[in-house]
Amino acid sequence: MDRAIDLYCERVGPDFWAEPLNAVTNLAFIIAGLLLVVALRRAEPEVRRDPAILTLVALIFAIGIGSGLFHTFAVAWAVLADVVPIALFILLYMYLALRRLVALPLWGCLVGVAIVLALTVGMPLTFGFSVSTYGVALTAMLGVGGFLHFGRHHPAGRSILVAAGVFALSLAFRTADLPLCAALPIGTHFLWHMLNAVVLHNLTRTMMRYGVPQEVEAG
């Protein structure tokens, strides 16, 4: 049997239900996905048919399911179920933001995504997964949002900056989970889930409002 991976304060044993708050709060991602489905049903046809938007929504559901699997089974295969959908969401959203909001040429978008991917893969070797990987995502959000808001006066910029602020708070709770364990045995990781669901919902709604071309790009 695989040995349970113990990374969070709430887990005190190998049992399936050893992280009840960390497990249950993944429902926040499912709720975020359902709210987006409702929004899609009310949206214009070009939004409802946009494969990129549909993929973002599907990835939010996958993030909730994958994270739920990790915080219950807590084994190696569940780590992949947890981190792969998150990585795919980050990379896809980065591409869409650069292409549809910043309006970079295709090569510029691919370079931007490649830089984010390289930093996401490379920096954990030096700084550790949680700090560096999500720090890259936060930096990208601040960079894109700041450029759009201050450089282009684009309405999506403010929305992305607000999402970045919530994400920064979320990352603080994630980082504080183990250091605060003695004082707060339930930990703070569950707040990471709840706030991140808000972040992903807001980012996707922003793309639905401002990033869907009238004719979805073919290439």
Q. When you look at P85, is it surrounded by fewer than 16 Cβ atoms within 10 Å (Cβ to Cβ) and under 21 Å from D50 (Cβ atoms), yes or no?
A. no
Q: Determine which single condition F190 fails, assuming it passes every other condition in (1) part of a helix (DSSP H, G or I); (2) touching a residue at least 40 places away in the same chain (Cβ under 8 Å); (3) exposed (fewer than 15 other Cβ atoms within 10 Å of the Cβ).
A: (3)
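One line per residue, one yes/no per condition, for (1) closer than 21 Å to F147 by Cβ; (2) over 15 Å from the mean Cα position of the chain (by Cα); (3) at pLDDT below 95; (4) surrounded by fewer than 19 Cβ atoms within 10 Å (Cβ to Cβ):
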| position | (1), (2), (3), (4) |
| --- | --- |
| F89 | yes, no, no, no |
| Y95 | yes, no, no, yes |
| W107 | yes, yes, no, yes |
| L125 | no, yes, yes, yes |
(Q) Name the single residue that is farthest from N202 (Cα to Cα) among those in region 127-153 being at pLDDT below 95 and among the aromatic types (F, W, Y). (A) F127
Q: Could you list, in sequence order, all residues of region 31-48 that are touching a residue at least 12 places away in the same chain (Cβ under 8 Å) and in a helix (DSSP H, G or I)?
A: I31, A32, G33, L35, L36, V37, A39, L40, E46, V47
(Q) Would you confirm, using the coordinates I've provided, whether A18 is without any contact (Cβ under 8 Å) to a residue 60 or more places away in the chain, surrounded by 16 or more Cβ atoms within 10 Å (Cβ to Cβ) and not in a helix (DSSP H, G or I)? (A) yes
Q.
So L200 passes all but one of these: (1) modelled with pLDDT of 95 or more; (2) farther than 18 Å from G64 by Cβ. Which condition number does it fail?
A. (2)
Q.
Quick check on this structure: which one of A168, A114, A156 is among the hydrophobic types (A, V, I, L, M, F, W, C), within 18 Å of the chain's Cα centre (by Cα), more than 27 Å from I31 (Cα to Cα) and modelled with pLDDT of 95 or more?
A. A114
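The values are calculated or read from the model by the stated rules, or taken from the named source; none is laboratory data. All of these numbers come straight from a predicted model, not from anything done at the bench. Every residue, glycine among them, receives a Cβ derived from its backbone with ideal geometry; neighbour counts consider all protein chains shown.
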